[in-house]
Amino acid sequence: MDIRLNTLCLKNFKGIEDFTLNINGKTANVYGDNSVGKTTLADSFLWVLFNKDSTDRTQFAVKPQDEYGNDIHNLQTEVEAELLVDGKPLKLRKMLEEKWTKKRGGTEPELTGNTISYWWDDEPVKEKEYKYRMSRLIDEDLFRMITNPMYFNTKVKWEERRKMLLTICGDKTDEEVIESDKSLAKLKGILDGKPVEIYKNIVADKLKTLEKQIKNIPPRIDELMLTLPKEQPDYAAIEKELQRHKAELDGIETKLSDAMNLAKEYSEIQQVISKLKLKLEDAKARIDAESGEGRKQLVMQKAELSNERMLLESGIDTLETSITQFKNDIESNTALRVKLLDEWRALKREHTDILAKEFIEPVEGNFICPTCGQGLLEDAKEQKISELRDNFKADRDKRLAEVEERIKQNVTKGTSVKEAIEKAQAKLSEQQKELTARQKQLKEVETKLSQIDIELSRPTPKPDYNSNKEYASLQKQIQILQAELDRPREDKTTELMTCKREIQ
């Protein structure tokens with residue numbers, strides 16, 4: 001399953017009032033000074049997923065606080081994360097609201113708690129259903145180990161860490177351990193087919209039973225004393241017999257105590273061996289790591305080159321987008337300049353046409369009054385012609401001025417568009433060169449990555465563990481302790497308990 005973060009929206013979450021992180025399912029690095037919100041982003045993402053912060057706490061402050069560290073009330077704390085699950089968007093939303101209640105007889109409402117609401121793809125759901133769906137989508141422990149390199153060493157119990165490591169590396173059965181060392185052969189008969197852990201539990205239970213029986217001895221003696229006859233006994237003989245039995249009981253108690261100490265010592269030695277075996281595994285892991293230092297360097301180089309490839313691909317995407325934009329700008333401005341040139345030619349023709357027009361004097365018939373049919377006097381006719389000529393010149397000058405102003409505006413705009421085209425072409429050429437250089441770099445990085453993959457695919461030689469002083473020392477300590485465990489011991493616990501019951 002492929003899960004990516006698309007967007008992360010925060011509202012009134014800790015110190016962030018309103019912020020949206022858009023990474024569109026890509027890898028993103030968040031940088032910033034201290035106390036500007038880097039950890040808050042991580043806390044908000046984990047809060048909407050698992051109701052925890054980046055330190056694995058469930059109880060932490062999510063409300064905004066003032067400069068004195070007090071919660072700012074009457075705000076809704078909300079986080080919304082949109083994931084891409086196998087390419088399909090999934091929206092997760094979580095909102096915390098304060099609950100205010102006006103008590104009987106009171107005038108002002110009081111804060112009585114908080115409520116948290118959940119949405120799964122815009123569907124309101126209960127907390128139990130939300131957690132159930134989240135557990136089916138993401139295993140929290142696996143998510144933590146993948147996203148936090150310190151989680152495995154600091155948060156997972158050592159028993160679980162050991163179980164995981166043995167699951168990955170493989171473990172040996174009790175039979176395999178016994179068969180690997182001839183000195184352990186007798187242990188097989190002692191265990192009688194039982195696992196070591198189960199046999200340890202059996203021994204511990206026997207010790208517990210013996211301790212309980214020892215505690216019950218004094219009350220039983222007192223109880224038996226009450227059953228003695230009331231007639232005058234032979235105290236001297238009874239006292240002598242009693243002292244003999246007490247001496248026998250003390251001897252049995254001493255032997256039982258020795259047996260219990262022996263069993264306890266056996267258990268303690270087993271615990272020490274278990275701890276030494278864990279140290280032996282740690283030493284083995286370090287030897288493996290040291291022997292694979294060259295491989296480790298290759299892995300580190302691969303990580304660095306992969307990061308460089310990602311940055312180059314991101315830069316190439318940005319350059320290609322910018323180049324496309326410049327091409328579009330050049331195309332649209334070129335079309336606009338062609339349009340302006342056509343407009344300029346049309347204005348020039350109009351200007352020429354206006355200049356070419358001459359005043360035409362009216363003919364004689366235009367000076368006859370339509371009412372009386374009489375012609376104008378010569379002086380009046382000359383005056384009228386002069387008036388018409390002046391009007392013609394004024395109208396022509398006005399039209400010429402308007403056309404000349406439009407030509408001026410056209411030229412100014414055309415010059416500006418031309419300069420914009422030239423700048424865009426220069427920038428386009430510059431970015432195309434940069435794109436070619438980055439594509440070349442990307443090809444070189446991919447070649448190096450291919451070479452590293454070939455090196456990493458080759459088998460790693462197994463190291464010589466016994467040549468390591470620490471490993472050899474631990475191995476020797478384990479062998480000595482194991483030999484101590486294998487030393488024959490006679491278990492008379494049952495026989496002693498029988499004698500004790502007979503005496504009592």
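Listed values, structure above:
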item	result
Selected residue [assigned by the TED database to the domain that holds T7, over 28 Å from the mean Cα position of the chain (by Cα) and without any contact (Cβ under 8 Å) to a residue 40 or more places away in the chain] from T115, T107	T107
Flag for L83 being touching a Phe, Trp or Tyr at 6+ places or on another chain (Cβ under 8 Å) and surrounded by 12 or more Cβ atoms within 10 Å (Cβ to Cβ)	no
Residue check, P459 at pLDDT below 90 and exposed (fewer than 14 other Cβ atoms within 10 Å of the Cβ)	yes
Flag if T318 is outside the structural domain of K26 (by the TED database), at pLDDT 85 or above, hydroxyl-bearing (S, T, Y) and closer than 30 Å to K26 by Cβ	yes
Filter pass, T115 being under 23 Å from N148 (Cα atoms), of a type in the set (S, T, N, Q) and out of contact with any Cys (no Cβ under 7 Å at 6 or more places or on another chain)	no
Options N29, N70, N51: the member that is of a type in the set (S, T, N, Q) and in contact with a Lys or Arg (Cβ under 9 Å, 6 or more places away or on another chain)	N51
Answer residue from the stretch 25-50, given it is modelled with pLDDT under 90 and polar (S, T, N, Q) and is nearest to S314 (Cα to Cα) among those	T27
Residue identified as in contact (Cβ under 8 Å) with a residue 40 or more places away in the chain and surrounded by 11 or more Cβ atoms within 10 Å (Cβ to Cβ) among L75, L41, L46	L75
Unique match (being within 22 Å of T40 (Cα to Cα), assigned by the TED database to the domain that holds D43 and touching a Pro at 6+ places or on another chain (Cβ under 9 Å)) among L83, L96, L92	L83
For S450: the one exception among (1) surrounded by fewer than 11 Cβ atoms within 10 Å (Cβ to Cβ); (2) modelled with pLDDT under 90; (3) closer than 30 Å to D288 by Cα	(2)
Check on V30, surrounded by 11 or more Cβ atoms within 10 Å (Cβ to Cβ), under 23 Å from D141 (Cβ atoms), of a type in the set (V, I, T) and under 26 Å from the mean Cα position of the chain (by Cα)	no
Condition met for K131 (within 19 Å of D56 (Cβ to Cβ) and in the same structural domain as L83 (by the TED database))	yes
Matching residues, the stretch 88-100, being surrounded by 11 or more Cβ atoms within 10 Å (Cβ to Cβ) and out of contact with any helix residue (DSSP H, G or I) (no Cβ under 6 Å at 6 or more places or on another chain)	P89, L90, K91, R93, M95, L96, E97, E98, K99, W100
Candidates V156, V177 - the one that is part of a helix (DSSP H, G or I), hydrophobic (A, V, I, L, M, F, W, C), without any contact (Cβ under 8 Å) to a residue 40 or more places away in the chain and not assigned by the TED database to the domain that holds T55	V177
From the options L84, L21, L90, L46, residue that is closer than 30 Å to N307 by Cα and over 15 Å from the mean Cα position of the chain (by Cα)	L90
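The values are calculated or read from the model by the stated rules, or taken from the named source; none is laboratory data. Since the model is a prediction, treat every value here as computed from it, not as a measurement. Every residue, glycine among them, receives a Cβ derived from its backbone with ideal geometry; neighbour counts consider all protein chains shown.
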